[in-house]
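The values are calculated or read from the model by the stated rules, or taken from the named source; none is laboratory data. Source: prediction; values computed, not measured. All Cβ positions, glycine included, derive from the backbone under ideal geometry; neighbour counts span all protein chains shown. The area values use the complete protein model at the heavy-atom level, side chains included, leaving out ligands, DNA and RNA. Shrake-Rupley method; radii C 1.70, N 1.55, O 1.52, S 1.80 Å.
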Amino acid sequence: MSAATSANLVPIARRGLMLVISSPSGAGKSTIARTLLETDKGIGLSVSVTTRQRRPSEIAGVHYHFVSAREFERLRDSNSLLEWAEVHGNFYGTPREPVEAAMAEGRDMLFDIDWQGAQQLQEKMASDVVSIFVLPPTMTELQSRLHRRAEDSEEVIRTRLINSRAEIGHWEEYDYVIINDDLNSAFDAVQSIVKAERLKRTRRLGMGGFVQQLLEEEPDLK
Ligand code: ADP
Ligand code: 5GP
């Protein structure tokens with residue numbers, strides 16, 4: 001077997017990825033995130049805490065930890081949140097402990113958070129963060145998707161549409177930008193990003209040891 005072939009088979013220890021996905025509400029980031037989590041069992045979801053009301057389709061502890069404003073303040077003030085932000089009039093935050101445990105064990109984590117959260121994670125853990133911004137193909141389609149999802153009131157949809165323009169304004173702060181026109185193509189793009197980022201030299205902590213071992217091997221040249 002050639003060295004190149006065997007290198008691909010040897011498991012090399014690496015740092016976990018912090019995969020951040022943001023988009024204006026309705027562009028499809030949760031759908032893409034869900035598909036990724038179902039397809040790639042090596043990625044765990046960071047379950048945020050929020051003061052928002054639970055949607056009919058959501059399960060407490062799976063999609064979010066739904067908390068009161070008082071409980072949110074307690075978590076924030078006790079430094080239990082890695083980042084937090086107010087989005088569309090509600091508070092959202094990332095619990096610190098599960099992220100630190102995943103990173104220490106080299107596990108990958110997915111964050112469905114807004115641009116404010118992405119900025120905070122980027123400041124704190126730049127070398128671990130890989131960020132993706134998802135755009136809708138048109139503003140009209142964004143509006144239809146919010147209506148088709150049929151989980152928010154007309155007033156909530158209106159607020160989200162108004163806010164979407166300011167959110168889209170942050171697209172250049174992300175490593176990758178995807179237009180979610182066709183869901184399969186958008187998902188393919190996300191999978192390619194994850195695959196390439198996992199192979200990045202700077203994340204492959206065990207590569208030095210592998211190369212050293214490789215060079216110690218002296219095949220008989222006769
Ligand atoms: P977000 O998490 O960005 O707010 P969702 O993932 O909840 O958005 O998607 C909003 C709605 O749009 C959902 O009903 C979803 O099924 C639909 N959707 C997502 N991606 C596409 C797509 N590429 N084409 C058509 N509908 C889509
Ligand atoms: P939704 O109410 O549609 O679930 O989410 C509204 C917005 O809040 C989305 O942009 C979502 O990515 C963002 N969000 C969800 N959880 C968090 C979080 O923990 N931190 C931050 N900063 N944003 C979050």
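Contact map, region 21-45: residues that are in contact (Cβ under 8 Å) with a residue 40 or more places away in the chain and in a helix (DSSP H, G or I) paired with residues that are of a type in the set (D, E, K, R) and open to solvent by 30 Å² or more (accessible area, probe 1.4 Å), Cβ distance under 8 Å, separation 6+ or inter-chain. Pairs shown: K29/D112; S30/D112; A33/D112. Residues of region 142-158 that are open to solvent by less than 70 Å² (accessible area, probe 1.4 Å), over 10 Å from S25 (Cα atoms) and touching a residue at least 12 places away in the same chain (Cβ under 8 Å): E151, D152, V156. Being closer than 15 Å to V20 by Cα, of a type outside the set (D, E) and open to solvent by less than 60 Å² (accessible area, probe 1.4 Å) is true for just one of G117, G106. Which residue is that? The match here is G117.
Residue by residue, here is whether (1) in contact with a Ser or Thr (Cβ under 6 Å, 6 or more places away or on another chain); (2) away from ligand 2 (no atom under 15 Å from the Cβ); (3) open to solvent by 70 Å² or more (accessible area, probe 1.4 Å); (4) over 25 Å from H65 (Cα atoms) holds:
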{"residue": "R165", "(1), (2), (3), (4)": "no, no, yes, yes"}
{"residue": "W171", "(1), (2), (3), (4)": "no, no, yes, yes"}
{"residue": "F187", "(1), (2), (3), (4)": "yes, yes, no, yes"}
{"residue": "V194", "(1), (2), (3), (4)": "no, yes, no, yes"}
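You will find that of R145, R96, R160, the residue that is under 19 Å from Y64 (Cβ atoms) and within 11 Å of ligand 1 (Cβ to nearest atom) is R160 and no other.
No other residue among V177, V134 is touching a helix residue (DSSP H, G or I) at 6+ places or on another chain (Cβ under 6 Å), among the hydrophobic types (A, V, I, L, M, F, W, C) and open to solvent by 50 Å² or more (accessible area, probe 1.4 Å) apart from V177.
Of note, S48 satisfies the criterion of being touching a residue at least 60 places away in the same chain (Cβ under 8 Å), open to solvent by less than 20 Å² (accessible area, probe 1.4 Å) and within 8 Å of ligand 2 (Cβ to nearest atom).
Of all the numbered requirements in (1) modelled with pLDDT under 95; (2) in contact with a Ser or Thr (Cβ under 6 Å, 6 or more places away or on another chain); (3) more than 13 Å from ligand 2 (Cβ to nearest atom), E100 misses one, and that requirement is (2).
Tell me the residue from F111, F66 that is within 15 Å of ligand 1 (Cβ to nearest atom) and either open to solvent by less than 60 Å² (accessible area, probe 1.4 Å) or not charged (D, E, K, R) (or both), please. Reasoning before the result, please.
Working: F66 fails: within 15 Å of ligand 1 (Cβ to nearest atom).
On inspection, the qualifying residue turns out to be F111.
Can you confirm whether I168 is β-branched (V, I, T) and in contact with a helix residue (DSSP H, G or I) (Cβ under 7 Å, 6 or more places away or on another chain)? Let's see the steps before the verdict.
Values: β-branched (V, I, T): yes; in contact with a helix residue (DSSP H, G or I) (Cβ under 7 Å, 6 or more places away or on another chain): no.
When the stated conditions are applied, I168 does not pass them.
Residues that are within 15 Å of S25 (Cα to Cα) and buried (at least 16 other Cβ atoms within 10 Å of the Cβ) occur at least once in region 92-103. Here region 78-93 is the region considered, the condition is being of a type in the set (G, A, S) and within 16 Å of ligand 1 (Cβ to nearest atom), and the residue that is modelled with the highest pLDDT is A85.
Within region 77-101, being within 15 Å of Q116 (Cα to Cα), touching a strand residue (DSSP E or B) at 6+ places or on another chain (Cβ under 8 Å) and not acidic (D, E) holds for L81, L82, W84, A85, N90, F91, Y92, G93, T94. Evaluated against (1) open to solvent by 60 Å² or more (accessible area, probe 1.4 Å); (2) closer than 27 Å to R148 by Cα, N79 falls short on exactly one condition, (2).
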